[in-house]
Amino acid sequence: MEPLLTPQQLADVVQVSPRAIRRLMRRGLPHVRVGRVVRFDVSDVRPFLAARKGYFMPKLPRNMVKRGTAYYFRQKTGGRSRWFSLGTDYDVACAQIVH
């Protein structure tokens, strides 16, 4: 069994901030909690991080905004702006803007 890592040690290994580790914990990063102490088993963390490899949320176009779970597109006509719902899937929303 490999030694268990603290959040700071894991952050150093993965080269992210401890805050990013806490965010990943809320998103399902496997961890062991004994009372208030949190530790990470590297053999459990590796598959989680491998599944997320290359995952990132690209910056939204200037005329697109996310509110809650839905994406909206702003179209200016004349002096007015209108907002159109594009749904909840980022890739589908971007494809609708391009076409």
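The values are calculated or read from the model by the stated rules, or taken from the named source; none is laboratory data. The structure presented is a predicted model; accordingly, all values stated were derived computationally and were not measured. Virtual Cβ from ideal backbone geometry, glycine too; neighbours counted across all protein chains shown.
Of the residues that sit in segment 20-38 and are closer than 21 Å to Ala51 by Cβ and of a type in the set (Lys, Arg), which one is farthest from the chain's Cα centre (by Cα)? Residue satisfying both the conditions and the ranking: Arg22.
Where in the chain are there strands (runs of 3 or more DSSP E), lying wholly inside it, with at least 1 residues that are of a type in the set (A, V, I, L, M) and modelled with pLDDT under 85? Filter on the chain gives 64-67, 70-77, 80-87.
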